1. Can you give the average number of partner chain beta-carbon atoms within 10 Å of each beta-carbon in peptide B:266-278, as a whole number?
2. Find the relative contact order for chain A and round it to a whole percent, using C-alpha pairs within less than 8 Å whose residues are 6+ positions apart.
3. Using only DSSP helix segments of four residues or longer, with each worth -39500 (n - 2.57), what per-residue ellipticity at 222 nm results for chain B after dividing by its residue count and rounding to 500?
4. Quick one: among B:ALA256, B:ALA57, B:ALA142, which has the greatest mean-square fluctuation in a GNM of chain B with alpha-carbon springs under 10 angstrom?
5. Could you state the orientation-averaged shadow area of the convex hull built on the Cα atoms of the stretch B:1-132, in nm² to one decimal?
6. Enumerate the calculated ³J(HN,Hα) couplings along the stretch B:94-103 in order (Karplus 6.51 cos²θ - 1.76 cosθ + 1.60, θ = phi - 60°), each rounded to whole Hz, writing x wherever the residue is Gly or Pro.
7. Using a 10 angstrom Cβ neighbour count of at most 14 plus a DSSP loop assignment to flag exposed trypsin sites (Lys or Arg not before Pro), which longest range of chain B is free of such sites?
8. Please list, in order along the stretch A:63-79, the HN-Hα scalar couplings obtained from phi with the Karplus expression 6.51 cos²θ - 1.76 cosθ + 1.60 (θ = phi - 60°), rounded to whole Hz, x for Gly and Pro.
Amino acid sequence: VKRSPDIVATDLGNEVVLLNTRTQSMFTLNATGRLVWYAIEEHDLEEIAAQLEAAFEVERDEAKKDASALIAELRTAGLVHD
Amino acid sequence: MTELEFRLLGRRVTGRVSNGAAQLVRELFQHPEIADALESDWVIELHQHSEEAPLEALQDAYRAEIHGGFVMVRTDGDTLWVSAEDHTVHVVVTGTRARLEVYSRELRGGGALMVAMLEALRASGLIPLHAAMADREGHATAFLGASGRGKTTSLITAMTRGYTPICEDFALLEPDSLRVYGLDRGLRLLPDTLERLRAHDPLVEPESFVRGKHFVPYERLGKRLWTSRLARLWLLERTDTETRLETLGASERVMALFTASGVPLLETGREVTRRHFARLPGELEMARLRLGTTPIPL
């Protein structure tokens, strides 16, 4: 999965604001979303779930489900692509 | 054809373009008062083509809303095509140089050329802000928001409370020093807003009346500041109840900055934005101002 080149990401440390320059729409990702955003190009779903588990003390299965749902949302919003 | 040769905040603007294009560029960007207010190696050069733009300008182009209309945009790294109804501008940024190629037969509106100039300036490290601003004691307050949200009304209110106008519509922000520089030449006022100003200063006389608004040059107001230090930004929204200030969260502050500065189209400009937009919300006093039935807390 690749981040779209049309996105300007403003990293605020515990959240990130994404501006889609093509649609002029903006999105905010919270701390967990931020982790997924920055991990998405280099890591697969299993690895991202492991990172979420370590950082936020969530169950691995739960983390995997959340990350998968978020990636689907990011894809729908044109923020990432395959 | 007209020769352009001037400086804007240390940036050299040079080239030869049609009379219409030159008039447009000079109107918004040529101000001797702030020509050398900053130091910069940047050069913005403009070249005119009298033929239509090549077809590639519109390949995969998308529609982008701008202040008062829309343009078609195609971007690729530090290359940009911007097309409006009667002209197209190709922008290429290399190092500290932005080259603008203007394609037009006769230029009437200037949307694409304005976008191209602002993106060149953004690449050079300045952040355009669509806002009304006023100064008091060396600190600027910026009123942000979409058209009709009350920017000009808030500016007039500020002026009646002892603030000095910096701009009514557009300014450039130097993000390291937080200094803002006004770009417009006067106030464009709806008839009822002019009457509000006249209640405070009966001698105010507009210079012209264009598209439903009176134009009052700053010199007719007897006061104007070209620059100040940006201290606070208020994002304007309307309410039917009392006027109040509301806290903005960190991400809302970044979104407010994007609302005012527009979408960065060139990669160099995006880098400027990424670098500063994470920092600026922490250095500025930012709030949502809900304009309602009671006075603004200025």
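1. On the way: counts 0, 2, 0, 1, 7, 1, 0, 4, 5, 1, 1, 7, 7.
What the average comes to for B:266-278 is 3.
2. On the way: 99 pairs, mean separation 25.3, N = 82.
After rounding, I find 31 percent.
3. Values: 8 runs with 75 residues, N = 298.
Per the formula, -7000 deg cm²/dmol.
4. Ranking B:ALA256, B:ALA57, B:ALA142 by mean-square fluctuation puts B:ALA57 first.
5. Working: hull surface 31.1 nm².
Its average projected convex-hull area is 7.8 nm².
6. Per-residue couplings from phi come out as 9, x, 10, 10, 10, 10, 10, 9, 9, 10 Hz.
7. Details: sites that count: B:ARG105, B:ARG108, B:ARG161, B:ARG211, B:LYS223, B:ARG279.
Formally, the longest exposed-site-free interval is B:1-104.
8. Per-residue couplings from phi come out as 4, 5, 5, 5, 5, 5, 5, 5, 4, 4, 5, 4, 5, 4, 7, x, 8 Hz.
The numbers here are math on the coordinates, done by the rules we state, and not lab data. Since the model is a prediction, treat every value here as computed from it, not as a measurement. FYI the Cβ positions are ideal-geometry reconstructions off the backbone, even for glycines, and counts take in every protein chain you see.
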